[in-house]
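Input: a single structure, listed below in structure tokens.
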Amino acid sequence: SAENLNKTNMETDRIILRPWRESDAEILFKWASNPDVGPRAGWPPHKSVEESLEIIRTVFSAPETYAIVLREEMIPIGAIAIKSGEGLSPSLRGTGDAELGYWLAEEYWGRGLMTEAARAIIERAFGTLGYRLLWCGYYEGNERSRRVMEKCGFKPHHTEHNKPTLLGDTRTEHFMRSER
């Protein structure tokens with residue numbers, strides 16, 4: 001079942017991708033309360049450990065949604081997901097394709113960790129899960145996110161303007177895609 005598929009752990013040299021646990025709420029709050037993290041991806045900083053716990057129970061309980069755990073510290077440092085169906089950006093729904101989404105704690109930026117995590121989950125999306133096309137979007141100005149996509153073989157595809165975010169603003173979002 002899809003539920004059992006989601007229990008898979010993926011491992012690379014430096015990281016483990018595993019399902020989120022309720023016990024991760026405090027460390028999630030530490031990273032997700034940083035105003036430089038969520039807003040880049042279009043979501044508001046977490047305001048409490050309780051809010052982070054609720055996110056783990058709802059958003060992060062979705063299929064194919066993983067904590068990015070740094071092996072050397074054995075703590076989650078970000079999140080990564082393959083979204084499909086209703087989880088897709090509105091303009092991609094109904095395509096049968098999937099979308100990659102991710103964020104990383106600021107303390108770990110610039111070390112290639114997100115590229116490593118993304119390559120592992122992309123391999124799963126095309127292999128185990130059988131998707132033929134993966135999309136990934138980034139907001140105008142988020143060059144770090146764009147670079148991860150490029151390193152993972154994504155190519156620019158289209159741009160959507162005036163996209164509303166969870167912050168109540170509207171932005172320009174650039175979509176890239178990768179085919180199996």
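The values are calculated or read from the model by the stated rules, or taken from the named source; none is laboratory data. Being a predicted model, the structure only gives us computed values, none of them experimental. So basically every Cβ, Gly included, is an ideal-geometry build from the backbone, and we count neighbours across all protein chains shown. Accessible surface areas use protein heavy atoms only, side chains included; no ligands, DNA or RNA. Shrake-Rupley method; radii C 1.70, N 1.55, O 1.52, S 1.80 Å.
Listed values, structure above:
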| item | result |
| --- | --- |
| Among (1) open to solvent by 60 Å² or more (accessible area, probe 1.4 Å); (2) in contact with a helix residue (DSSP H, G or I) (Cβ under 9 Å, 6 or more places away or on another chain); (3) over 19 Å from Glu11 (Cβ atoms); (4) in a helix (DSSP H, G or I) - the single one Ser145 does not satisfy | (1) |
| Residues located in segment 12-27, provided they are surrounded by fewer than 19 Cβ atoms within 10 Å (Cβ to Cβ) and either assigned to a loop (DSSP other than H, G, I, E, B) or of a type outside the set (S, T, N, Q) (or both) | Thr12, Asp13, Arg14, Ile16, Arg18, Pro19, Arg21, Glu22, Glu26, Ile27 |
| Filtered residue count, segment 102-142, keeping only those that are hydrophobic (A, V, I, L, M, F, W, C), open to solvent by 30 Å² or more (accessible area, probe 1.4 Å) and under 19 Å from Ala32 (Cβ atoms) | 1 |
| Residue, least open to solvent (accessible area, probe 1.4 Å), within segment 49-73, restricted to residues that are assigned to a loop (DSSP other than H, G, I, E, B) and touching a residue at least 24 places away in the same chain (Cβ under 8 Å) | Glu64 |
| Segment 30-48 - residue that is among the small types (Gly, Ala, Ser) and in a helix (DSSP H, G or I) and, of those, nearest to Gly137 (Cα to Cα) | Ala41 |
| Single unsatisfied condition, His157 versus (1) open to solvent by less than 20 Å² (accessible area, probe 1.4 Å); (2) outside any helix (DSSP H, G or I) | (1) |
| Filtered residues of segment 28-48 (kept if in contact with a Gly (Cβ under 7 Å, 6 or more places away or on another chain) and open to solvent by 40 Å² or more (accessible area, probe 1.4 Å)) | Pro44 |
| Residue in segment 74-87 that is most open to solvent (accessible area, probe 1.4 Å), counting only those that are out of contact with any Phe, Trp or Tyr (no Cβ under 8 Å at 6 or more places or on another chain) and not β-branched (Val, Ile, Thr) | Glu86 |
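Let's see how each residue does on (1) out of contact with any Leu (no Cβ under 8 Å at 6 or more places or on another chain); (2) acidic (Asp, Glu):
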residue: Glu50; (1), (2): yes, yes
residue: Val59; (1), (2): yes, no
residue: Pro63; (1), (2): no, no
residue: Ala67; (1), (2): no, no
residue: Arg71; (1), (2): yes, no
residue: Gly78; (1), (2): no, no
residue: Ala81; (1), (2): no, no
residue: Ala105; (1), (2): yes, no
